[in-house]
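The values are calculated or read from the model by the stated rules, or taken from the named source; none is laboratory data. Computed from a predicted structure; not experimentally measured. Note that we place each Cβ from the backbone using ideal geometry, even for glycine, and neighbour counts take in every protein chain shown.
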Amino acid sequence: MKAITNSPTRLVMQSRGNLFPILFGLAFILLGLGLGYLLGQRYALTCTRPEPAYVDCQLERTLLGYPVGSRSLPRVSRAYLDVSESSDGDTYRVVLVTAGGEVPLTGYYSSQWAPQWQAVRELETFLAGSETSTTTVYTGTGRLGLLFATVFVATGLAALFVGLHTTTLTMDRLRGEFSYERRWLVGRTRIHYPLAEIDSAFVAGNGSTYRPVLRLSNGEEAPLSWYYSSNRGDKAQLVNTINRFLGAD
């Protein structure tokens, strides 16, 4: 914290934000938006048989019901389920064999085997000579993918909420006041005590995380933060500043 006012009767210190949670939050928000765009899409493949000898298909991509892209796939001859094997489990995607080469329906693999296998079966049935002249199959995680991406965005917003704040410590001998205020993007928290009720301050630990705590004259303890965080040095610096002003060091 930076001293704004420092005199024998009044001390005001202030800090603005924390870079690490801000960068962490921005990274998670961008990752969540990217995953939302990639995983939130639904794929509709419509295939027609303009002539008995071949099948043409049109791939339409939508996000929340809005079109985001389309692609023509002429001369489709086969569909199969592509499997990506790993120690964490197999993942799958539908692949079409066309006159221009193999075309995956999605840009990613999914652990959902059943709906993709069903799509392959429907396509293979149509390609083998179904009596119908057109068929449409759907694939993609859609809303489930958006839900997954929302977790990342929510985590990022929470980190930004923690990082984007202004903390102000004020101790005033003439008024006999102590206040510790945090202003967030929305709202604020404020701890206020008569200066005479504060004996000292100390750093409380919980594993490898810490928070500053006031020790009151009635024996009670008043944490200055509702959560523990890393970087004990910052908390110790704040506690030492409070104790020096109180004459408790």
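Quick rundown of the values:
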item: Close pairs from the range 61-84: first over 15 Å from VAL137 (Cβ atoms), partner among the charged types (D, E, K, R) and assigned to a loop (DSSP other than H, G, I, E, B), Cβ under 6 Å, at least 6 apart; result: VAL83/ASP90
item: Filter result (buried (at least 17 other Cβ atoms within 10 Å of the Cβ), part of a loop (DSSP other than H, G, I, E, B) and of a type in the set (Ser, Thr, Tyr)) within the range 192-248; result: SER225
item: All positions within the range 119-146 that are within 21 Å of the chain's Cα centre (by Cα) and either at pLDDT 90 or above or of a type in the set (Ser, Thr, Tyr) (or both); result: THR141
item: Residue identified as more than 20 Å from VAL55 (Cβ to Cβ) and free of Cβ contacts under 8 Å to residues at least 24 places away in the same chain among SER87, SER110; result: SER87
item: Strands (runs of 3 or more DSSP E) enclosed by the range 36-118 - at least 3 residues per element that are under 28 Å from the mean Cα position of the chain (by Cα); result: 41-51, 54-63, 66-73, 91-98
item: Residues of the range 1-20 that turn out to be assigned to a loop (DSSP other than H, G, I, E, B) and closer than 21 Å to ARG188 by Cα, as a count; result: 3
item: Any hit, the range 2-21, residues being within 31 Å of the chain's Cα centre (by Cα) and under 30 Å from LEU73 (Cβ atoms); result: no
